[in-house]
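The values are calculated or read from the model by the stated rules, or taken from the named source; none is laboratory data. None of these values were measured; they are calculated from a predicted model. When we count neighbours, we look across all protein chains shown, and the Cβ atoms used for this are built from the backbone with ideal geometry, even at glycine. The area values use the complete protein model at the heavy-atom level, side chains included, leaving out ligands, DNA and RNA. Shrake-Rupley method; radii C 1.70, N 1.55, O 1.52, S 1.80 Å.
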Amino acid sequence: MGNLLKVLTCTELEQGPNFFLDFENAQPTEGEREVWDQVNTVLQDSESILSGLQAYKGAGQEIRDAIQNPNDMTLQERAWNSVCPLVIKLKKFYSFSLRLEEALRSLLTSLTCPPLTPTQHLEREQALAKQFAEILHFTLRFDELKMRIPAIQNDFSYYRRTISRNRLNNMNLDIENEVNNEMANRMSLFYAEATPMLKTLSTATTNFVAENKTLPLENTTDCLSTMASVCKVMLETPEYSSRFNSEDTLLFCMRVMVGVIILYDHVHPNGAFNKSSKIDMKGCIKVLKDQPADNVEGLLNALKFTTKHLNDESTPKNIRTMLQ
């Protein structure tokens, strides 16, 4: 609580509470330690997942050569041998999304459980709030990278076509021990999404609400709207943003704000853009638009293309205009 500074309490009922969330230095208390350790085990692998995705080169040339020369077995073999290691890599990314989903559920359970309000949870359990933020930060970075790598779907489509053909020819397919038909189907659905990690988290949050019927929906949506409000205030208030030791924390804050807006929009029946929304969408979009365009283009696109309710009739025209 030492780093918390509650501000703007007079507007709390209108805009939600605003306080400084120490994304750089928050450390787990004894009460947070068990969940924090569990989530930390997952987050420790996030950078290597991003590095692996960034280094993904694809087998486009080998696949083209094989398709153009269907009777050249050397080229067929070369393409197959190029694609198989890539499919193992894609399985690793997909498997990580399942671990991330579990971590998110653990954090949601901790940050929404009674008797504390979501605001009290976020204030008192800053290390868990930080981990929640780190999951969202990773997710948007992963999806931004994935969107720029069309080779992923091309490689995986070639793999699926080839494995079906080879199965018909009774060829020995050791890779099926790693990626069987059921796994390939699930991976295919995952990579077909423009933003697969965000889709995973949105579904996980929706399922969390559906499965916890005794937990009021507001506990989850208030947790998300409070995070969005806190990020917005920290970004637009020099008194707070000047506390960040690194410029990267500003971008971190922006990604987290966009991430929680998208989750809120998927979970709340009326979405994030409705006038009744507890998120100040106009303020959040303005904060993004005040930043250098290169930093926020992907985030504005995420709000445009991965939210659920932007095009609802109830969305104010000025909000839609801001995102055009």
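Summary table below
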| read-out | value |
| --- | --- |
| Candidates T237, T221, T195 - the one that is closer than 26 Å to H121 by Cβ and modelled with pLDDT of 90 or more | T221 |
| Residues of region 241-282 classified as closer than 16 Å to N219 by Cα and open to solvent by less than 30 Å² (accessible area, probe 1.4 Å), total | 10 |
| Residue count, region 16-58 (criterion: open to solvent by 10 Å² or more (accessible area, probe 1.4 Å), under 15 Å from K89 (Cβ atoms) and either hydrophobic (A, V, I, L, M, F, W, C) or assigned to a loop (DSSP other than H, G, I, E, B) (or both)) | 5 |
| Every residue from region 146-156 that is open to solvent by less than 30 Å² (accessible area, probe 1.4 Å) and part of a helix (DSSP H, G or I) | K146, A151, I152, D155, F156 |
| Cross-chain or 6+ apart pairs with Cβ under 6 Å, region 78-107 first and within 16 Å of A151 (Cβ to Cβ) and of a type in the set (G, A, S), then part of a helix (DSSP H, G or I) and open to solvent by less than 20 Å² (accessible area, probe 1.4 Å) | A79/I63; A79/A66 |
| Lone unmet requirement of (1) more than 20 Å from T226 (Cβ to Cβ); (2) surrounded by 13 or more Cβ atoms within 10 Å (Cβ to Cβ); (3) at pLDDT 90 or above for T306 | (3) |
| Total residues in region 225-254, condition within 21 Å of the chain's Cα centre (by Cα) and more than 24 Å from L145 (Cβ to Cβ) | 6 |
| Residues of region 190-235 satisfying the condition of being of a type in the set (A, V, I, L, M, F, W, C) and in contact with a Pro (Cβ under 7 Å, 6 or more places away or on another chain) | F190, C223 |
| Residue check, T206 surrounded by fewer than 22 Cβ atoms within 10 Å (Cβ to Cβ), of a type in the set (S, T, Y) and part of a helix (DSSP H, G or I) | yes |
| Filter result for the condition that a residue is within 30 Å of C253 (Cβ to Cβ) and open to solvent by 40 Å² or more (accessible area, probe 1.4 Å), over P115, P70 | P115 |
